[in-house]
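Report on the following structure.
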Amino acid sequence: MPVKTVPLNLFLDDTSGNTTKKWNKFESCVIFLAAMPFKEQCKVENLFFVCTSNKLSITEMLPELVKDLGALEKGVEMFDVEYGEPVLVVGVVHLLMADNPMHAAVAYSLGAKARLPCRKC
């Protein structure tokens, strides 16, 4: 069975329809294919919405997301129309993109509140 490796980029962010993120804040996750040209990656049809919530933080949503990405990393059998046969698709997380506060939340970093703050740890 042919194997297709698909590198994935995850984008995590807190979004809001308001001018301030204090009210109606949503934490979201979007996946897009890392191997595409940047111009193609930015098109709406190439962004794959994964989850969002205004009740849960991204750290509360991550365990389920990690389970699904772990299963995809082991491989999922799919049918390839081009080859006319089943293929094993392996999705590997290539990059996790977010702003500094979101990276700190995902890494459980204390940031400036830490006794010895360091942006690299």
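The values are calculated or read from the model by the stated rules, or taken from the named source; none is laboratory data. What you are looking at is a predicted structure, and each value in this text was computed from that prediction instead of being measured. Using ideal geometry, Cβ is built from the backbone for each residue, glycine included, and neighbour counts are taken over all protein chains shown. Only protein heavy atoms, including side chains, enter the accessible area calculation; ligands, DNA and RNA are left aside. Shrake-Rupley method; radii C 1.70, N 1.55, O 1.52, S 1.80 Å.
The table that follows gives values for the structure above.
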{"read-out": "Verdict on LEU12 being modelled with pLDDT of 90 or more and hydrophobic (A, V, I, L, M, F, W, C)", "value": "no"}
{"read-out": "In the range 84-118, residue least open to solvent (accessible area, probe 1.4 Å) [restricted to those that are over 21 Å from SER57 (Cβ atoms) and modelled with pLDDT under 75]", "value": "CYS118"}
{"read-out": "Pair list, Cβ < 7 Å and 6+ apart or interchain, from the range 34-46 residues that are touching a residue at least 24 places away in the same chain (Cβ under 8 Å) and closer than 18 Å to VAL92 by Cβ to residues that are assigned to a helix (DSSP H, G or I) and not aromatic (Phe, Trp, Tyr)", "value": "none"}
{"read-out": "Those residues of the range 65-83 which are at negative phi, in contact (Cβ under 8 Å) with a residue 12 or more places away in the chain and surrounded by 12 or more Cβ atoms within 10 Å (Cβ to Cβ), in sequence order", "value": "LEU65, LEU69, LEU72, GLU73, VAL76, ASP80"}
{"read-out": "Hey, VAL89 of a type in the set (Val, Ile, Thr) and either touching a helix residue (DSSP H, G or I) at 6+ places or on another chain (Cβ under 7 Å) or assigned to a strand (DSSP E or B) (or both) or not", "value": "yes"}
{"read-out": "Hits in the range 27-61 - residues which are closer than 15 Å to MET97 by Cα, open to solvent by 30 Å² or more (accessible area, probe 1.4 Å) and assigned to a helix (DSSP H, G or I)", "value": "PHE38, THR59"}
{"read-out": "Residue satisfying condition, being over 24 Å from ALA105 (Cβ atoms), out of contact with any strand residue (DSSP E or B) (no Cβ under 7 Å at 6 or more places or on another chain) and of a type in the set (Lys, Arg), within set LYS4, LYS67, LYS55, LYS74", "value": "LYS74"}
{"read-out": "Complete set of residues in the range 15-36 that are at pLDDT below 90, of a type outside the set (Asp, Glu) and within 20 Å of GLU60 (Cα to Cα)", "value": "THR15, SER16, LYS21, LYS22, TRP23, ASN24, LYS25, PHE26, SER28, CYS29, VAL30"}
